[in-house]
1. Please check which bits of the stretch 205-225 a label hung off residue 250 would reach, taking the label as a point 7 Å along Cα-to-C-beta and the cut-off as backbone N under 12 Å.
2. At R0 = 30 Å, how high is the FRET efficiency between residue 205 and residue 23 if r is their beta carbon distance? Nearest 0.05 is fine.
3. Not counting ligands, DNA or RNA, and with a 1.4 Å probe, what is residue 238's accessible surface area in Å² rounded to the nearest 10?
4. Pick out which of 204, 242, 80 has the largest mean-square fluctuation in a Gaussian network model of the chain, springs linking Cα atoms closer than 10 Å.
5. Cross-link partners among aspartates and glutamates for residue 20, C-alpha distance below 16 Å, same-chain residues fewer than 8 apart left out?
6. Using only helices, what value at 222 nm comes out for the chain when you add -39,500 (n - 2.57) per DSSP H run of length 4 or more and divide by the total residues, to the nearest 500 deg cm²/dmol?
7. As an exercise, identify the trypsin sites (Lys or Arg not before Pro) in the stretch 1-109 lying in DSSP coil whose Cβ has no more than 12 other Cβ atoms within 10 Å.
8. Tally the DSSP beta bridges in the chain and give the antiparallel ones as a percent, rounded to 5.
Amino acid sequence: MIRIDGLFFHHEKDGGFQLKDISLDIPENRFSVILGPNGSGKTTLLKCIAGLLKIHQGSIQLEGRKLSGMTTRQRARRIAYVPQQHQPVFPYRVQDVVLMGRSPHLNLLGFPGKKDRLIAQKAMETIGVDPLADRIYSRLSGGERQLVLIARSLAQEASAMLMDEPVSHLDFKNQIIVLRQIRHLIAKHRVTVLMTVHDPNLAAAFADKLILMKNGRVFHQGGPEEIITAECLSELYEMEIAVSHGDRKWVYAP
């Protein structure tokens, strides 16, 4: 479980707080999704959990241990982070990018061995990017690069995966394929997933827990049944939103 208590954060150049008094429990081995308008703090929160940003107040714990007490390597063995966008400086092959996920498990100045390469290969096969293994990563489409980053995080073998809009560059078919694969990874590998998405329909279809963020605060949290309502979403997005109640909920703007 990831536990966040009284978290405050602000960017030094802006001065004002971007994240304000956030307290959350991210359930272990479950699929949690953060929803919210642009600028609500979703990406900033993920970066704070990943240790990419230093919080100003509060604490973040993983499996009962404070992340502030871990080294960078210790944290990387436990938390994998998939950013929205990634553009490497060098023309790495896809298999090399995925193999980078093994870095936290290597000794200083160590080189990946046979086991590491097998784990990377299995990760590529699981996500379906193994046919791209010899392609140059920087020449791939945005959607293909995102799939490679997910494979890299899987190769990292972390107990928690943070994903920042991982399906935003994918077409509808591949969005569903990837989200189904993530649910499969949670069940098979017992990982905890926290993801940001923009589409409430995808969140309703796949998430175990939903977290609504607005203006740097947690606006509401709970299961899809209590969160995916016209009242909650209309207030969150400040527009009229309707929710159908057939066999499966469907969110739309009337």
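1. none
2. Working: r = 27 Å, r/R0 = 0.90.
Computed FRET efficiency for residue 205 and residue 23 comes out at 0.65.
3. Its accessible surface works out to 140 Å², give or take rounding.
4. Result: 242 has the largest fluctuation of those listed.
5. Reachable aspartates and glutamates: 5, 12.
6. The helix contribution divided over the chain gives -10000 deg cm²/dmol.
7. Details: sites: 3, 13, 20, 30, 42, 47, 54, 65, 66, 73, 75, 77, 78, 93, 102; in loops: 13, 30, 54.
In loop regions of the stretch 1-109 (DSSP not H, G, I, E or B), the sparsely surrounded trypsin sites (Lys or Arg not before Pro) are 13, 54.
8. Around 55 percent antiparallel, to the nearest 5.
The values are calculated or read from the model by the stated rules, or taken from the named source; none is laboratory data. Just so it is clear, the model here is predicted, and its values are computed rather than measured. Counting neighbours? That spans all protein chains shown, and the Cβs are built from the backbone with ideal geometry, glycine included. What goes into the accessible areas is simple: the full protein's heavy atoms, side chains included, and nothing from ligands, DNA or RNA. Shrake-Rupley method; radii C 1.70, N 1.55, O 1.52, S 1.80 Å.
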